[in-house]
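**Q** Attaching a single structure in structure tokens format; questions to follow.
The values are calculated or read from the model by the stated rules, or taken from the named source; none is laboratory data. Fair warning: this is a prediction, and the values are worked out from it, not measured in the lab. Using ideal geometry, Cβ is built from the backbone for each residue, glycine included, and neighbour counts are taken over all protein chains shown.
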Amino acid sequence: MIHFADYNFAGKKAIVRVDFNVPLNKETLDITDDTRIRASIPTINKIIDDGGSVILMSHLGRPKNGPEDKFSLKHILPSLSKLLNKDVDFSEDCIGTAAEEKANRLVSGSVLLLENLRFYKHETAGSDVFAKQLANLADVYVNDAFGTAHRAHASTTIIAQYFPNVKMYGYLIEKEIESVSKVLHESVSPVTAIVGGAKVSSKIIIINELLEKVDNLIIGGGMTYTFVKAMVGNVGTSLVENDYLETAKEIIAKAKEKKVQLILPKDTVAADSFANAANKMTCESISIPDNWMGLDIGPKAIVAYVTCIENSKTVLWNGPMGVFEMENFREGTKQVALAIANATKNGAFSLIGGGDSVAAINLFNLADQVSHVSTGGGAMLEYLEGKELPGIKAITE
């Protein structure tokens, strides 16, 4: 396998799969979080600095039937040009004559952004013909889109076969693989995983996998109350997956068997409605009054979680502790984020992954105070679960 850092791109056209699926303001269509774009810049700059040219391809959103203006990658251009400190050309189609003509005119150091790949259903269908049309634009293929590495799409997987001797992944994917490997295979104890979010059902596989590898497992967010109810606590109107009560009991039993400290919040900040302005109260998590719902972890839980995190040497965080989008219910998530930053400062390795955790770490301006912020929530989870990612396999096989 070719290592990106060792390859000389001088005189080569590199088609680079990036993940520019970034959030846009619904009214102005301005980017609200450019984390994924910034993460791609080192890879693009390496190719330019070598004297190569770059063709960037990505998806944005989930267009249903062909082109939609709100999903056009032209909205990415101002931010991308500013970050690269150079004008980026744009092709209003990702294949066909328009793309071919623009690609043919590329000179050393120039950058071309193709229109949204998902304006064609062939992309998600993994069309061989579509992949070949993209491949014909360039000499070299670089995959640097970790966020879509778990999808066998035309631009992430199928295209690699047209570059049997000149395919590689970029700096970002290298760093993502290295970071997950540190947690999976090179972790220093104590190892703590913090798993939050709304539902147990979406995290069962990863929780079971983590129980084989961690010393502490901290649970937060809406999924807390499925565990609390499984232990016969009263959870009021909190979010509960009744179909997963037995699963929660099995996880509790497995943690005990594996001698993993499973930490649930002793107390909860509850509200009388799902709204920032709702009346709120702090109560024991096992005795939330009827008609009240848990929306954040309480002060006792914060102390326990922070103490555990700050005494850890390896920390993985996936999922918030509460409804952090609402100012009145974000304290738990904020204190966990600060504790991870403190642990990192004291020598721990910290990996943050999953859309909400990334949004939280950015909200509290702590992204530069942790070891690695993953750009791929679903891909990171699948990789942690031990699954083979098609986008990675296509490069390494």
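**Q** Being touching a helix residue (DSSP H, G or I) at 6+ places or on another chain (Cβ under 7 Å) and surrounded by 21 or more Cβ atoms within 10 Å (Cβ to Cβ) is the filter here, so list the residues in segment 184-194 that pass it.
**A** The answer is Thr192, Ala193, Ile194.
**Q** Further, regarding this structure: Search segment 34-60 for residues that are over 15 Å from Ile15 (Cα atoms) and touching a residue at least 24 places away in the same chain (Cβ under 8 Å) and pair each with any residue that is assigned to a helix (DSSP H, G or I) and of a type in the set (Val, Ile, Thr) when their beta-carbon atoms are under 7 Å apart and the residues are at least 6 apart or on different chains.
**A** Final answer for the pair search is Thr35/Val358; Ile37/Ile76.
**Q** Shifting gears a bit: For segment 90-107, which residues satisfy the criterion of being farther than 21 Å from Ala145 by Cα, in contact with a Ser or Thr (Cβ under 6 Å, 6 or more places away or on another chain) and touching a residue at least 24 places away in the same chain (Cβ under 8 Å)?
**A** Result: Leu106, single match.
**Q** Got a sec? Which of Ala98, Ala154 is surrounded by 18 or more Cβ atoms within 10 Å (Cβ to Cβ) and either of a type in the set (A, V, I, L, M) or outside any helix (DSSP H, G or I) (or both)?
**A** Ala154
**Q** What's the number of the condition Thr192 fails, among (1) at pLDDT below 95; (2) in the same structural domain as Thr226 (by TED's automatic domain parsing)?
**A** (1)
**Q** If only one of Leu106, Leu117 is surrounded by fewer than 21 Cβ atoms within 10 Å (Cβ to Cβ) and under 15 Å from Leu56 (Cβ atoms), which one is it?
**A** Leu106
So that you can scan it fast, the table gives a plain yes or no per residue for (1) touching a strand residue (DSSP E or B) at 6+ places or on another chain (Cβ under 7 Å); (2) modelled with pLDDT under 95; (3) among the hydrophobic types (A, V, I, L, M, F, W, C):
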| position | (1), (2), (3) |
| --- | --- |
| Gly11 | no, no, no |
| Val16 | yes, no, yes |
| Glu27 | no, yes, no |
| Ile31 | yes, yes, yes |
| Ile37 | no, yes, yes |
| Val54 | yes, no, yes |
| His59 | no, no, no |
| Leu73 | yes, no, yes |
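Condition check ((1) surrounded by 20 or more Cβ atoms within 10 Å (Cβ to Cβ); (2) closer than 23 Å to Thr224 by Cβ; (3) among the aromatic types (Phe, Trp, Tyr)) across all residues:
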site: Thr307; (1), (2), (3): no, yes, no
site: Lys313; (1), (2), (3): no, no, no
site: Glu327; (1), (2), (3): no, yes, no
site: Ala339; (1), (2), (3): yes, yes, no
site: Asn346; (1), (2), (3): no, no, no
site: Phe364; (1), (2), (3): no, yes, yes
site: Val373; (1), (2), (3): yes, no, no
site: Met380; (1), (2), (3): yes, yes, no
site: Glu385; (1), (2), (3): no, yes, no
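**Q** Of the residues that sit in segment 136-151 and are in contact with a Ser or Thr (Cβ under 7 Å, 6 or more places away or on another chain) and not aliphatic (A, V, I, L, M), which one is surrounded by the most Cβ atoms within 10 Å (Cβ to Cβ)?
**A** Phe146
**Q** Right, another one. Within segment 20-40, identify whether any single residue is closer than 17 Å to Met168 by Cβ and out of contact with any helix residue (DSSP H, G or I) (no Cβ under 8 Å at 6 or more places or on another chain), and answer yes or no.
**A** The answer is no, given that none of the residues of segment 20-40 is closer than 17 Å to Met168 by Cβ and out of contact with any helix residue (DSSP H, G or I) (no Cβ under 8 Å at 6 or more places or on another chain).
**Q** Just to be sure I understand the filter: pairs with C-beta atoms under 6 Å, separated by 6 or more residues or on different chains, first member in segment 242-264 and under 17 Å from Ile206 (Cβ atoms), second member in a helix (DSSP H, G or I) and of a type in the set (Gly, Ala, Ser). Which pairs pass?
**A** Ala248/Ala230; Leu262/Ala255
**Q** Considering (1) farther than 22 Å from Ile361 by Cβ; (2) touching a residue at least 12 places away in the same chain (Cβ under 8 Å); (3) out of contact with any Ser or Thr (no Cβ under 6 Å at 6 or more places or on another chain), say which one Tyr225 fails and leave the rest.
**A** Only one criterion is unmet by Tyr225, namely (3).
**Q** Do you know which of the residues in segment 104-141 that are in a helix (DSSP H, G or I) and aromatic (Phe, Trp, Tyr) is nearest to the chain's Cα centre (by Cα)?
**A** Phe119
**Q** Return yes when Val180 is surrounded by fewer than 24 Cβ atoms within 10 Å (Cβ to Cβ), aliphatic (A, V, I, L, M) and either in the same structural domain as Val129 (by TED's automatic domain parsing) or under 13 Å from Ile392 (Cβ atoms) (or both) and no when it is not.
**A** For Val180, the condition - surrounded by fewer than 24 Cβ atoms within 10 Å (Cβ to Cβ), aliphatic (A, V, I, L, M) and either in the same structural domain as Val129 (by TED's automatic domain parsing) or under 13 Å from Ile392 (Cβ atoms) (or both) - is met.
**Q** When you go through (1) in contact (Cβ under 8 Å) with a residue 24 or more places away in the chain; (2) touching a helix residue (DSSP H, G or I) at 6+ places or on another chain (Cβ under 8 Å); (3) of a type outside the set (A, V, I, L, M); (4) farther than 24 Å from Ser181 by Cα one by one for Thr282, which number turns out not to apply?
**A** The single condition Thr282 does not satisfy is (1).
**Q** For segment 20-71, what are the residues that are over 20 Å from Ala99 (Cβ atoms), buried (at least 19 other Cβ atoms within 10 Å of the Cβ) and small (Gly, Ala, Ser)?
**A** Hit for segment 20-71 is Ala39, nothing else.
**Q** Taking Ser40 and the conditions (1) among the hydroxyl-bearing types (Ser, Thr, Tyr); (2) farther than 17 Å from Leu134 by Cβ; (3) more than 16 Å from the chain's Cα centre (by Cα), which numbered condition does it fall short on, given that it satisfies the others?
**A** (3)
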